[in-house]
1. Only residues in region 27-45 that are closer than 14 Å to ARG56 by Cα count as the first member; pair them with residues that are polar (S, T, N, Q) and assigned to a helix (DSSP H, G or I), Cβ under 9 angstrom, at least 6 apart or cross-chain, and list the lot.
2. Working only within region 244-280, note down all residues that are out of contact with any Leu (no Cβ under 8 Å at 6 or more places or on another chain), of a type in the set (D, E, K, R) and not in a helix (DSSP H, G or I).
3. Is it true that VAL59 is of a type in the set (Val, Ile, Thr) and in contact (Cβ under 8 Å) with a residue 40 or more places away in the chain?
4. Can you tell me which residue among ARG245, ARG274, ARG239 is closer than 18 Å to GLY351 by Cβ and within 24 Å of the chain's Cα centre (by Cα)?
5. Looking at GLY268, GLY248 in this structure, which one is of a type in the set (Gly, Ala, Ser), in contact with a Phe, Trp or Tyr (Cβ under 7 Å, 6 or more places away or on another chain), over 18 Å from VAL330 (Cβ atoms) and in the same structural domain as ASP345 (by TED's automatic domain parsing)?
6. Restricting attention to region 187-202, which residues are touching a residue at least 60 places away in the same chain (Cβ under 8 Å) and touching a helix residue (DSSP H, G or I) at 6+ places or on another chain (Cβ under 6 Å)?
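The values are calculated or read from the model by the stated rules, or taken from the named source; none is laboratory data. Since this is a predicted model, take the numbers as computed values, not measurements. A quick note on method: Cβ atoms are made from the backbone with ideal geometry, for glycine too, and the neighbour counts reach across all protein chains shown.
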Amino acid sequence: MRGDDLALPPVSARAAIVHDWLPLVGGAERVLADMVRVCPNSEIFTTFDFLSEAERAEVSLGVPVHASGLNRLPMVQRYYRNLLMGCTRAVEGFDVTGHDVVLSSSAAFAKGVITSPEQMHIGYVHSPARYAWDLSHAYIGAMGGVAAPLKRAIARRMMHRFRMWDARTAAGVDTFVANSAFIAKRIKKVYRREAVVIHPPVDTAAFTMGGAREDVYVTASRMVPYKNIPMIVAAFAERPHLKLRVLGDGPDMALVRKLAGPNVEVCGYVDAERMRAEMQRAKAFVFAAKEDFGIVPVEAQACGTPVICLDAGGTAETVRPLGETAPTGVWFSEQTREALLGAVDMFEAEGNAIRAEDCRANALRFSAERFREELRGLIYEVAGV
């Protein structure tokens, strides 16, 4: 396969691409950019657009970007996440008539765009909204402060309304696409619909093997609770002879610094170049989150680096454990220090069986070229354009 020189030509039909919102450039926005590459004759519709001109050009590749009227609210960047039901109405207000194909890129409400019977709506789901479904109780229970009882009551009512809307609008999607088999199961549970699995694009061209290996484990993530960075740091405190380097920043940073022993180096935020270099030199990459897909563990493998990760969520699909043919890492089954340390000890004893070349080859299964080819093929198959 040679870059974009794929078996199928780009989709020439006029496409509307509906994306939840554009506060920053992340994994979902990389999916959006590749949707534009697949459908170059397209327009993007989104509730909020806070990107700089350079970031917008990176994501849109020059196609028009239409933000909803909510984007003009005063200082909306401070509170846009609180406008959930307003976003549902904004998405329903997008006029996508005149487009042959509608692609939605949704982790919340983009799939709710209204389409006609003549239009094919393909809904790419990063995840059904967790805060409204399986994590609703945890999300509401975490609300604190003096007004916590009132805030929880309001949130329960809002989530109830959103769940009804979310379930109803699933009927408007002609073909569901999930970013992993894990999410396909959630789509089946929440919407009672089957989904095609197309894993998201990973920039395996940017993450390559190179550099001398160091005797250092690396973990990298935004430090939010579900990423479990404090647990990783606490575990390595029990193995003082093993070095750990921690990359990233976020709300859990203070706790991470408190738990870090002399064998743990907390680096804070690092740029993309430093991140790539650290992955290339790492002995292994440690990842303890239960992700919908998890791009960073695939980037680490693209650098030829083994991954120590949970055997659930997306990493169960992207990392082959010791014991399988051409292993690329070690699994652990619980998000506890004991389980993680068991995996680290196994890697110390048997990690030589993992080859950098196998890690790289496994990562290439999730390349951006592969994503574009699979999405392009699906559009031709179901939309006939």
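1. Once the first residue is closer than 14 Å to ARG56 by Cα and sits in region 27-45, its partners that are polar (S, T, N, Q) and assigned to a helix (DSSP H, G or I) give LEU32/SER60; ALA33/SER60; VAL36/SER60; ILE44/SER60.
2. The answer is ARG245, ASP249, ASP252, ASP271.
3. no
4. On the way: ARG274 fails: closer than 18 Å to GLY351 by Cβ; ARG239 fails: within 24 Å of the chain's Cα centre (by Cα).
Checking each option against the conditions leaves just ARG245.
5. Matching residue, one of GLY268, GLY248: GLY248.
6. Across region 187-202, the qualifying residues are TYR191, ALA195, ILE198, HIS199, PRO200, PRO201, VAL202.
Okay, residues lined up against (1) more than 17 Å from ALA28 (Cβ to Cβ); (2) modelled with pLDDT of 95 or more; (3) under 22 Å from the mean Cα position of the chain (by Cα):
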{"residue": "MET164", "(1), (2), (3)": "yes, yes, no"}
{"residue": "THR175", "(1), (2), (3)": "yes, yes, yes"}
{"residue": "ARG193", "(1), (2), (3)": "yes, yes, yes"}
{"residue": "PRO201", "(1), (2), (3)": "no, yes, yes"}
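Rundown of residues vs (1) part of a helix (DSSP H, G or I); (2) touching a residue at least 40 places away in the same chain (Cβ under 8 Å); (3) out of contact with any strand residue (DSSP E or B) (no Cβ under 7 Å at 6 or more places or on another chain); (4) among the small types (Gly, Ala, Ser), yes/no style:
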position	(1), (2), (3), (4)
ASN71	yes, no, no, no
ARG81	yes, no, yes, no
MET85	yes, yes, yes, no
ALA90	yes, yes, yes, yes
PHE94	no, yes, no, no
HIS99	no, yes, no, no
LYS111	yes, yes, no, no
THR115	no, yes, no, no
